[in-house]
1. Please order ILE397, ILE207 by the number of other Cβ within 10 Å, starting at the fewest.
2. Just order 315-322, 387-394 by mean Cβ neighbour count inside 10 Å, highest at the front, would you?
3. Kindly flag which residue pairs out of LYS54/LYS450; LYS166/LYS302; LYS60/LYS450; LYS316/LYS364; LYS51/LYS348 have an alpha-carbon separation exceeding 23 Å in this structure.
4. Using each residue's phi in region 316-333, evaluate 6.51 cos²θ - 1.76 cosθ + 1.60 at θ = phi - 60° and report the 3J(HN,Hα) Karplus result to the nearest Hz, with x for Gly and Pro.
5. With a point put 7 Å past each Cα toward its Cβ, work out how far ALA232 is from ASN115 in nm, to one decimal.
6. Just the number, please: percent antiparallel of the DSSP beta bridges in the chain, rounded to the nearest 5.
7. Work out from phi, with θ = phi - 60° and the Karplus expression 6.51 cos²θ - 1.76 cosθ + 1.60, the ³J(HN,Hα) of each residue of region 39-45, listed in order in whole Hz, and give x for Gly and Pro.
8. Assuming 0.36 nm per residue, please report the length gained on full extension of the stretch PHE440 to ARG269 beyond their Cα-Cα distance.
Amino acid sequence: MEETKTIESVWDYVLHDLQNHLGESAFKVWFSHFRPISFENFNLKIEVSSKFVKNWLEQKYLHLIQRVVKIHIPNVREVVLVVSKSPIDSLKQKSTTRKIKIFNYSSKISIFEVNPQTNLNPRYRFDNFVVGSSNELAFAAAQAVVNKPGLIHNPLFIYGPVGVGKTHLLQAIGNEIIKDRNNLRVRYTNTEQFTNELINSLKNKSIDEFKHKFREVDILILDDVHFLSGKAKAQEELFHTFNFLYDLGKQIVFSSDRPPALIPDIEERLRSRFEGGLVVDIQPPDFETRIAILKLKSQEKKVELDQWIYELIAEKIQKNIRELEGALNLLIFKMNYLEKLTRESVLKIVKEFNYEFYKRVTPKKIIQVVTEHFGLKEGDVLKRLRKREYVETRNIIIYFLREICQYSYSRIGEMLRKDHTTVLHSYEKVVEKMKDNPDFNQDLEIIRSKILENA
Ligand code: ADP
Ligand code: MG
């Protein structure tokens, strides 16, 4: 059967796949201006933002790009990257040049979209949540909330470390409720979003709208409340929102990376609200649960792997289900298109997703890679000379010592013979510069890859 589509209409699938294989941050850095501009003689020209990006993509990802493009646009023979003249121009051209017919297109991938009313992502459901001993209590509590919102566990407070399924479970509660009871209004938000919206509404004098938004609901789901630590204004607002909803018998669900008693800098009255219903934890999954999760996720992708592969991944990645999933996705991709899987190649892939792997990076390696990247000598950089390029290089070293080695400011200070406030400022300078400087971001991303290479 032949189906006709335009390249424009499948491009999102290409991007989606690339993002899936590369992870969000690498994707953002390298593929921000990645657009098809012409298709002639089976050659697809794709525009990228700079010469620098073009070189990098050609070196590292051309093979991947070609594979992904050919999956979605089978009649492409060659992929050519070209540097865009200006991002503005390419935006203008967008809709005229991209209407190119392609054939034999089929894709089973569905892209989930966040529901604008509830802010819920439909991919998080009960039926794709694997239950094991590490999360069965939280799961049962979540079900009780769905069956009788506001009546049994109110609030429900779920805590656990990163990547164990808190967000999944919270959103599943919301999705299950709206599935067959569309008279109930659900709102999901994470605490960072809540705080930012509050700040904006104070700035724009639209606080009434803000209050309205979070009080006009039957179920309020607030993810990651540990983020409230030290944020007095947001705590106060949440306290009042909570009381308002609670008094009306509305259901509230919270998550956090630790139990209420251990969240620092938080008002007592709010802490006692958090503790006033049911507090349950989710632990990292045990081996059997990890295997079951891997099997479910590969089933969703219509792939079946040998048992030894599931076992190997589950053995190496123990704490974080997001990493488990990431490793599996990359593996499935490589299996389909790149190479035969051996124990060695599986291990290599797993390593990229394993936090343990970060731990193997030494400060020495960071210093060496960063100084080399800027063509400087280690000795000069560490001598604390005040020349601008040395200062900047040192700042970047500090940034990576924090990000990758997770050292404290004072520990970095001791290493580089600086006091810890100077180190803190250096770190913040880098973070600040990243905010509005894509070239700088790209540079950092390259350095990061170099640091992680052969670790
Ligand atoms: P947290 O919010 O605790 O950091 P998430 O809910 O974001 O973790 O989970 C990370 C990833 O792992 C998500 O893609 C989620 O769908 C998946 N996941 C977590 N727990 C399970 C589970 N029990 N069954 C299936 N998938 C899970
Ligand atoms: Mg989460």
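1. Ranking ILE397, ILE207 by Cβ neighbours within 10 Å, fewest first, gives ILE207, ILE397.
2. 315-322, 387-394
3. LYS166/LYS302; LYS316/LYS364; LYS51/LYS348
4. Result, ordered by residue: 8, 10, 10, 9, 10, 6, 5, 5, 4, 5, x, 5, 4, 4, 5, 4, 4, 4 Hz.
5. 3.8 nm
6. Values: 7 of 30 bridges.
For the chain, the DSSP antiparallel bridge percentage is about 25.
7. 9, 9, 6, 6, 9, 9, 9
8. Details: separation 171, 0.36 × 171 = 61.56 nm, distance 4.39 nm.
Gain in length upon complete extension: 57.2 nm.
Taken together, the values in this text are just the output of simple stated rules run on the coordinates, not laboratory data. Just so it is clear, the structure is predicted and the values come from calculations on it, not from any experiment. Cβ coordinates were reconstructed from backbone atoms using ideal geometry, including for glycine residues, and neighbour counts include every protein chain displayed.
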